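The values are calculated or read from the model by the stated rules, or taken from the named source; none is laboratory data. Because the structure is a prediction, the values reported are computed rather than measured. Backbone-built Cβ (ideal geometry, glycine too); neighbour counts: all protein chains shown.
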Amino acid sequence: MKNIAIIGAGTMGNGIAHTFAQFNYTVQLIDISQKALDKGIATISKNLDRMVAKERITEQDKENTLKNITTFTSIKEGVENASLVVEAATENINLKLKIFKELDETCSEETILATNTSSISITQIAAVTSRPDKVIGMHFMNPVPIMKLVEIIRGYNTSDAVNDTIVELTEKINKVPVEVNDYPGFVANRILMPMINESIETLYNGVAGVKEIDTVMKLGMAHPMGPLQLADFIGLDVCLSILNVMYDGFKNPKYAPCPLLVNMVNAGKLGVKSGEGFYDYSESRKADKVAKMFS
């Protein structure tokens with residue numbers, strides 16, 4: 001398994017592409033927008049520069065990593081020789097189902113189809129394909145080149161062989177695979193998102209300010225980043241989407257998103273990606289914050 005296709009050149013997609021390419025896999029990075037692809041490659045290059053500066057890799061390693069990545073604006077062309085496709089598009093169920101239908105029609109019968117979804121049912125995604133035994137979840141953490149965890153989520157029909165193959169592959173790219181069951185939010189977000197949502201509720205109710213809430217969690221609970229800052233880094237729109245998936249899936253009011261979160265997303269205040277969320281992010285400050293994640 002040497003040819004890996006990645007659908008989506010955004011934060012998660014380019015991070016996944018970076019990681020596989022760094023371990024000498026041939027990577028096809030696919031996005032409908034050439035602008036997004038160019039931005040994704042630029043991000044990978046900058047992140048590799050930081051790793052060179054920290055002497056974690058050499059300049060030759062950087063060049064080899066970039067050479068391993070080819071970009072495509074067509075799914076059909078990009079997945080032609082792929083042994084594995086990892087979908088890392090927006091956390092939108094309708095979009096993901098559309099992509100998986102196309103992948104199923106286009107890819108070789110032996111190609112494994114994985115999704116980087118952070119909350120959506122693997123079984124539901126697999127159901128739109130003719131190969132549910134070859135559909136699996138690979139939930140990487142952000143920033144992908146740094147974070148070790150990958151949640152491995154089996155759908156109802158995922159085969160043992162496919163599961164074992166993906167676990168082994170995850171270990172080969174120096175990640176730690178953790179197998180979890182297919183329920184909304186899986187493990188990471190089922191625990192994380194209610195904490196973030198409660199932090200937003202605490203702010204919404206006037207109990208404390210943004211910095212105070214984050215400081216309590218960092219100093220009192222030994223969290224490396226406060227929950228509101230982490231929400232900004234994840235993207236408030238992504239947080240809202242995940243909470244809605246869990247609320248719809250469990251029908252439990254404890255997963256209902258805080259009105260403040262809904263209003264901020266509607267106002268376009270999405271966190272780091274938009275330049276403003278619970279904190280203010282100018283371009284220079286945004287670059288500094290991202291750089292720290294690679295330090």
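Residue-level analysis places E59 among those that are surrounded by fewer than 14 Cβ atoms within 10 Å (Cβ to Cβ) and either at pLDDT below 95 or not assigned by TED's automatic domain parsing to the domain that holds G271 (or both). For beta carbons closer than 7 Å, sequence separation of 6+ or different chains, a first residue in the stretch 22-44 that is under 13 Å from I69 (Cα atoms) and a second that is of a type in the set (K, R) and part of a helix (DSSP H, G or I), the qualifying pairs are F23/K172.
Whether a residue is closer than 29 Å to D232 by Cβ and within 20 Å of the chain's Cα centre (by Cα) was assessed, and I112 does not pass this test. Answer yes or no as to whether F186 is out of contact with any Ser or Thr (no Cβ under 9 Å at 6 or more places or on another chain) and closer than 27 Å to P253 by Cα. So F186 fails the test.
A single member of S83, S121, S74 is touching a Pro at 6+ places or on another chain (Cβ under 8 Å) and modelled with pLDDT of 95 or more, and it is S121.
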